[in-house]
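Novice: What follows is a single structure, and I will ask about it in a moment.
The values are calculated or read from the model by the stated rules, or taken from the named source; none is laboratory data. Keep in mind that what you see is a predicted model, and the values were worked out from it rather than measured. Cβ: placed from backbone, ideal geometry, glycine included. Neighbour counts: every protein chain shown. What goes into the accessible areas is simple: the full protein's heavy atoms, side chains included, and nothing from ligands, DNA or RNA. Shrake-Rupley method; radii C 1.70, N 1.55, O 1.52, S 1.80 Å.
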Number of protein chains: 2
Amino acid sequence: MSGNQTAARRGLMLVLSSPSGAGKTTISRAVLEAERANGLSLSISATTRAKRPSEMAGVHYHFMSEREFLKKQKAGDFLEWAEVHGNYYATPREEVEQALSEGRDVLFDIDWQGASQIRKAAPEDMVSVFILPPDATSLRERLERRAEDDGATIKRRLTNARTEIAHWGEYDHVIVNHDLEVSVKEVLAILHASRTSAKRQTGLAADVAKIIADLEAME
Amino acid sequence: MSGNQTAARRGLMLVLSSPSGAGKTTISRAVLEAERANGLSLSISATTRAKRPSEMAGVHYHFMSEREFLKKQKAGDFLEWAEVHGNYYATPREEVEQALSEGRDVLFDIDWQGASQIRKAAPEDMVSVFILPPDATSLRERLERRAEDDGATIKRRLTNARTEIAHWGEYDHVIVNHDLEVSVKEVLAILHASRTSAKRQTGLAADVAKIIADLEAME
């Protein structure tokens, strides 16, 4: 999709939300893989929650103490922040702003609270996608397969899933994740389509003015 | 993209506009070809203009007399109508309404006047795409290659192109047609993305309510 030279444009924030276990992380990775050459990057959240054995600092999260987190929050360094499952999460503002202004898109893997704050702060820059599980049973099964979560965590995630899912209607797009490959294609289509948005191609007005002037000169 | 069973949804009107010679007709055909299996059909316009040798009645247009056209127009049988280059054009309402209510999408190859009327009549059902030529020279060259148009027609089409292009900002999406294959992919992405629109998936609310109720029963 990168063959059409397009007018200068501002990057967009592609926000993916879903309850834990609906496949969001897998979809995010596949979308990033497919679009890295086109400049898509993942927004790395800051968090105060404990690192899981499978996670790397600076790759999955910027892990920090509650004290450091609250200091940054107070300084206005976060685009959004939220408390989830008793921990703090946030999006550092600076790297996102820089990417958007250079025409690069940023992928967000965040919950409804974060999405809601970004929507309020920058509605024009945001394209939001909610990923639904096909049904409740498949959601529970995926959570149970995660060996690193204990029973109490699974139960809490099921309760939180209900809250998260209740916010589906606030999103621009909704995908029901029956088939992972199809879901990835759908998210890619949303990203590609959003890039052709008239209002997002900030260089178009000048390009069109030139075409019109040249046509006039030909008549 | 048809592998994800999705919730019941209302069809959408995918409107393509461009000046003559920008590649719209070729793009429309390719998009139709790719999406016919998914139920996409072309809205056949009614027109009072003379049939070209390469055209078939009922396939390219519903050709009719001015008298018949004005009678249907008066009866409210048209979704939109316009006078272009001294001829009348319109979209018969009934077949479009039926397709949308059955969840099938309809492709429109119409000018800015028609697009503007559809936008006013049914903004929620419409996704609009404006196709720009890369520059004025390529537009003129494509018009000159059409053997069936004479010099006066080409000159008039160039003048009309300016008027048409001036309306680009009224469209949801704008594609600059540098590369035909890329442009087709972009229109397909817009169609696929539009199908995942939250407000367009009319069956989603009920599906989500069931997931939430089932999750509650599991806790």
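Novice: Which of the residues spanning region B:63-112 are free of Cβ contacts under 8 Å to residues at least 40 places away in the same chain and in contact with a helix residue (DSSP H, G or I) (Cβ under 9 Å, 6 or more places away or on another chain)?
Specialist: Going through region B:63-112, the residues free of Cβ contacts under 8 Å to residues at least 40 places away in the same chain turn out to be B:63-78, B:81-83, B:86, B:93-94, B:97-98.
Across region B:63-112, the qualifying residues are B:M64, B:G76, B:D77, B:F78, B:W81, B:A82, B:E83.
Novice: Being at pLDDT 95 or above, away from every other protein chain (no Cβ under 14 Å), closer than 30 Å to B:A209 by Cα and in contact with a strand residue (DSSP E or B) (Cβ under 7 Å, 6 or more places away or on another chain) is the requirement here; does A:L107 meet it?
Specialist: yes
Novice: Hey, another quick one. Evaluate region B:116-136: report whether one residue or more is free of Cβ contacts under 8 Å to residues at least 24 places away in the same chain and more than 26 Å from B:R10 (Cα to Cα).
Specialist: In the first step, residues of region B:116-136 are kept if they are free of Cβ contacts under 8 Å to residues at least 24 places away in the same chain; the result is B:120, B:123, B:135-136.
From what's left, more than 26 Å from B:R10 (Cα to Cα): B:135-136.
Yes, because at least one residue in region B:116-136 is free of Cβ contacts under 8 Å to residues at least 24 places away in the same chain and more than 26 Å from B:R10 (Cα to Cα).
Novice: Restricted to region A:155-178, and to residues that are assigned to a loop (DSSP other than H, G, I, E, B) and at the interface with chain B (Cβ under 7 Å from one of its Cβ atoms), which residue is surrounded by the fewest Cβ atoms within 10 Å (Cβ to Cβ)?
Specialist: Taking region A:155-178 and keeping what is assigned to a loop (DSSP other than H, G, I, E, B), we get A:166-167, A:171-172, A:177-178.
Now drop any that are not at the interface with chain B (Cβ under 7 Å from one of its Cβ atoms), which leaves A:166, A:171-172, A:178.
Values: A:A166: 13, A:Y171: 23, A:D172: 18, A:H178: 17.
So the residue we want is A:A166.
Novice: Counting just the residues of region A:179-214 that are open to solvent by less than 20 Å² (accessible area, probe 1.4 Å) and more than 22 Å from B:L191 (Cβ to Cβ), which one comes out farthest from the other protein chains (Cβ to nearest Cβ)?
Specialist: Here the answer is A:G203.
Novice: Hey, another quick one. Exactly one condition in (1) more than 7 Å from chain A (Cβ to nearest Cβ); (2) closer than 30 Å to B:P53 by Cβ is not met by B:A217; state its number.
Specialist: Answer for B:A217: the failing condition is (2).
Novice: Return the pair list, or none, for Cβ contacts closer than 7 Å from residues in region B:191-219 that are farther than 17 Å from A:I175 by Cβ to residues that are open to solvent by 30 Å² or more (accessible area, probe 1.4 Å) and part of a helix (DSSP H, G or I), at least 6 apart or on different chains.
Specialist: Within 7 Å, the pairs are B:I212/A:R162; B:L215/A:R162; B:E216/A:R162; B:M218/A:R140; B:E219/A:K155; B:E219/A:T159.
Novice: Exactly one of (1) open to solvent by 30 Å² or more (accessible area, probe 1.4 Å); (2) of a type in the set (D, E); (3) under 19 Å from the mean Cα position of the chain (by Cα) is unmet by B:D125. Its number?
Specialist: Going through the list (1) open to solvent by 30 Å² or more (accessible area, probe 1.4 Å); (2) of a type in the set (D, E); (3) under 19 Å from the mean Cα position of the chain (by Cα), B:D125 breaks only (1).
Novice: Continuing with this model, one more query. For region B:128-143, give me the residue count where each residue is surrounded by fewer than 17 Cβ atoms within 10 Å (Cβ to Cβ), more than 10 Å from chain A (Cβ to nearest Cβ) and either in contact with a helix residue (DSSP H, G or I) (Cβ under 6 Å, 6 or more places away or on another chain) or not in a helix (DSSP H, G or I) (or both).
Specialist: 0
Novice: Considering only region A:84-100, I want to know if a residue exists there that is out of contact with any Leu (no Cβ under 8 Å at 6 or more places or on another chain), open to solvent by 20 Å² or more (accessible area, probe 1.4 Å), part of a helix (DSSP H, G or I) and more than 15 Å from A:M13 (Cα to Cα).
Specialist: Checked region A:84-100: no residue is out of contact with any Leu (no Cβ under 8 Å at 6 or more places or on another chain), open to solvent by 20 Å² or more (accessible area, probe 1.4 Å), part of a helix (DSSP H, G or I) and more than 15 Å from A:M13 (Cα to Cα).
Novice: Since A:E68 meets every condition but one in (1) open to solvent by 40 Å² or more (accessible area, probe 1.4 Å); (2) touching a strand residue (DSSP E or B) at 6+ places or on another chain (Cβ under 8 Å); (3) not in a loop (DSSP other than H, G, I, E, B), which condition does it not meet?
Specialist: Of (1) open to solvent by 40 Å² or more (accessible area, probe 1.4 Å); (2) touching a strand residue (DSSP E or B) at 6+ places or on another chain (Cβ under 8 Å); (3) not in a loop (DSSP other than H, G, I, E, B), only one is false for A:E68: (2).
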